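One structure is given below, encoded as structure tokens.
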Amino acid sequence: MFTSFFITLYHVFLPISLPVIGGILLKHFKDWDTRPLSAFSLYILSPALIFHTLLHAEITWTDVTSTFWFSILNLIALWALAEIVSRIFGLGAPEKAGLTLVSTFTNCVNYGLPLVLLAFGQLGLDKASVYVIGQMIIVNTVGIFFAARSEFTVKNAMLSVFRMPTIYAAVIAVIIRSSGISLPDALDGGVSMMATGYSPIVLAILGAQMLRPKGDTAPWQPNVRKAFWAGLVVRLVAAPILSWLILKALQVEGTLFPVLLILASMPTAVNAVILAEQFGASPQFVSRCILWTTAVSMVFLPIMIVMSS
């Protein structure tokens, strides 16, 4: 177990930490305004990533049904839990939207895929790709709805989903793949280049969000502090337990079981802070939840891998 811990630390956390540190330094020394780059990532890089992944991933239909139902049931369970906790603590609309993002979406792409490949090899990665592609689509559709509720009515929040290019990128990719058409190399290379730029940019934005703005020394409001602690408990404790129960109920077996359990127990998704920033869903506490859930995951994820394998 100790060997797996240090290997994970070296091969996963060290590469991830570099753009995060870059974002922290830019925010500290240059007071970097991340909103324009957040918009670029949300409207350009994210659709490119989904389009390229759907077009080229080695996806088999084995275990697709189990993965689909697990993703849907897990999302509904965590959404319901976030709603209940928000009502119990009397959270405002921004904190409620932020808590929903923290609770429901995990860093299964930037962090989860390298970890699964390390722990379960190519077989695990193949199975993980089905879940990850579904999560990318859900985050960029349902996730936008969750975040937008902090500013808009339910109707406008739902309409905002269909104003995002991500869903259309996914539909076009499926159509192209199903028809057997091949993109020209130059066009495919351009999309690939944009998709590759997604991870370092969102990680740099995360690093910048970890720092308070210069001159902002005001303490957290009570609602923000309550939302932060609620987010940690839901993501680090409740989410793994709910995922395990749902997988057992669906009778998922073999390598798929630990792969889905680990991916669903990952730290809060990096792109949650992008959605929170774009739609005012309390990005201050969302970014802190990402930081602390990622730090704590360095200890509990290697243990989970050993116990679930």
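The values are calculated or read from the model by the stated rules, or taken from the named source; none is laboratory data. Fair warning: this is a prediction, and the values are worked out from it, not measured in the lab. Heavy atoms of the whole protein, side chains included, go into the accessibility calculation; ligands, DNA and RNA do not. Shrake-Rupley method; radii C 1.70, N 1.55, O 1.52, S 1.80 Å.
Scaled to the compact-protein estimate 2.2 N^0.38 Å, what is the alpha-carbon radius of gyration of the range 164-309, rounded to two decimal places?
After normalising by residue count via 2.2 N^0.38 Å, the value is 1.32.
May I ask for the percentage of alpha-carbon pairs in the range 1-132 that lie more than 22 Å from each other?
Details: 5021 of 8646 pairs.
Tail fraction, whole percent: 58.
Determine the calculated [θ] at 222 nm for the chain from helices alone, applying -39500 (n - 2.57) to every DSSP H run no shorter than 4 residues and normalising by the residue count; nearest 500 deg cm²/dmol.
Rounded to the nearest 500, the figure is -23500 deg cm²/dmol.
Please compute the per residue accessible area over the chain with all protein chains in place, 1.4 Å probe, rounded to a whole number of Å².
On the way: 14200 Å² over 309 residues.
Computed with neighbouring chains in place, this is 46 Å² per residue.
For the chain: lysine pairs with Cα atoms under 19 Å, gap of 8 or more or different chains, count?
Values: LYS27/LYS214; LYS30/LYS214; LYS96/LYS155; LYS96/LYS226; LYS127/LYS248.
Eligible lysine pairs with Cα atoms under 19 Å apart amount to 5.
What span do the alpha-carbon atoms of the chain cover on each of the three principal axes, reported in whole Å from largest to smallest?
54, 45, 41
Given axes a ≥ b ≥ c from the Cα gyration tensor, I'd like to know whether the range 46-89 is rounded (a/c under 1.5), prolate (a/b larger than b/c) or oblate.
Values: a/c = 7.26, a/b = 1.89, b/c = 3.84.
Oblate, since a/c reaches 1.5 and b/c is not below a/b.
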